Each structure stands twice: as C-alpha cells, then as structure tokens.
Amino acid sequence: MCRLIQMLSEAYRHAKPLGGPADSTRTLDAAGCPPDAPGVVLAEDPQAVLDDIAELLTRHRVWNRFPPGGTAARHA
C-alpha cells in the first residue's frame, strides 16, 4: 500500500489525472490528493471513469488543479 500512496501523491503533484472507484476517497486522502480536486475522477461505473480519464489524458496535465502563482506552481 505504501508504494500506491507514493505513486498517487507523485501523480497528483505532477498534475496527472487520477481515477478510480467511488470508494477510493480514503486512499486518495492518505496520499494527500483531495478527491474533489480537478482531474480526480471517481465513479461507480468503471467505463465512466475510463472515458473521463481518457479525455483528461489528451491534455497531458490538469493545470487548473494548481492556481497560477500558488505554492505548487513555484516549486514545480
């Protein structure tokens, strides 16, 4: 589980889309990823998650996750 938490945290910090089952909120919280953040897709229907993630991946990153000039933008 530790490796999963690390991978989620790094993907989130690098503005990558994240997706999973609707009940993944505890895992995301443990990784420091707000489940309601832009680019985080959680749903009961796996096809819906896949469709949303596929669309987000066409943009490469979810830049609106971090406000311009915010702390994350300065350290990126």
Seminar exercise, completed: Measuring from the longest principal axis of the C-alpha atoms of the chain, the long axis of helix 2-13 (C-alpha) lies at a number of degrees, nearest 10, equal to 60 degrees
Exercise. With axes computed from alpha carbons, what is the tilt in degrees of helix 46-57 against the longest principal axis of the chain, rounded to the nearest 10 within 0 to 90?
Worked result: 30 degrees
Exercise. For the range 1-61, which whole percent of the accessible surface, found with a 1.4 angstrom probe, sits on carbon and sulfur atoms?
Worked result: 56 percent
For this session: Collect residues whose amide H, placed 1.01 Å from N in the peptide plane, falls under 5 Å from the amide H of Val40; neighbours closer than 5 in sequence don't count.
Result: Leu18
For this session: Whole number in Å², please: accessible area per residue of the chain, 1.4 Å probe, ligands, DNA and RNA not counted.
Result: 70 Å²
For this session: For every helix of n ≥ 4 consecutive DSSP H residues, a contribution of -39,500 (n - 2.57) applies; sum these over the chain, divide by its total residues, and give [θ] at 222 nm rounded to the nearest 500 deg cm²/dmol.
Result: -13000 deg cm²/dmol
Seminar exercise, completed: Between Val62 and residues 5 or more places away or on another chain, the pairs with built amide H atoms under 5 Å apart involve Lys16
For this session: Consider the candidate values (1) 36, 29, 18; (2) 32, 23, 18; (3) 98, 39, 8; state which one is Cα extents along the principal axes in Å computed from the structure displayed.
Result: (1)
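The values are calculated or read from the model by the stated rules, or taken from the named source; none is laboratory data. Keep in mind that this is a model prediction, so the values were computed, not measured. What goes into the accessible areas is simple: the full protein's heavy atoms, side chains included, and nothing from ligands, DNA or RNA. Shrake-Rupley method; radii C 1.70, N 1.55, O 1.52, S 1.80 Å.
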